[in-house]
1. Can you find even one residue in the stretch 53-64 that is in a strand (DSSP E or B), within 11 Å of the chain's Cα centre (by Cα) and under 17 Å from residue 104 (Cβ atoms)?
2. How about the stretch 16-35: which of its residues are touching a residue at least 24 places away in the same chain (Cβ under 8 Å) and within 23 Å of residue 110 (Cβ to Cβ)?
3. Of the residues that make up the stretch 44-52, is at least one closer than 26 Å to residue 119 by Cα, assigned to a loop (DSSP other than H, G, I, E, B) and assigned by TED's automatic domain parsing to the domain that holds residue 117?
4. When the stretch 108-117 is examined, which residues are found to be modelled with pLDDT under 90 and either crowded, with 17+ Cβ neighbours inside 10 Å or closer than 18 Å to residue 7 by Cα (or both)?
5. Restricting attention to the stretch 75-91, report how many residues are surrounded by 11 or more Cβ atoms within 10 Å (Cβ to Cβ) and either in the same structural domain as residue 45 (by TED's automatic domain parsing) or not in a loop (DSSP other than H, G, I, E, B) (or both).
């Protein structure tokens, strides 16, 4: 159930950036809120606000030099096919893509980026999505 909501969020972000929208509305959920907090900390969205009367969140997209902050965002783990990576696979992909690509990982400690997982050297988990800058 959660990955369907995550797939909806990722699709809305993709469409919002392609249509050059300033803001989008997404469904409110605990996973969505944690995902948006992580994107905000990284600096890929400007901000987000929870709407009181609706069960939705208003997300303000970020643009740099008239280009979107995210080049592409793709869903990796799906309800029909869960993808779990160990630290070895994460470090291999880190060396392969360098700083232009990172992954959002669901761990027992919450959502983190692949860069943070490699720095902590003991965390692996379900790969939710791949983000190219």
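1. The answer is no; no qualifying residue exists.
2. Listed by number, the residues that qualify are 26, 27, 28, 29, 31, 32, 33, 34, 35.
3. No, the conditions are met nowhere in the stretch 44-52.
4. Passing the criteria: 114, 117.
5. Total satisfying the criteria: 8.
The values are calculated or read from the model by the stated rules, or taken from the named source; none is laboratory data. All values reported here derive from a predicted model rather than from experimental measurement. Cβ: placed from backbone, ideal geometry, glycine included. Neighbour counts: every protein chain shown.
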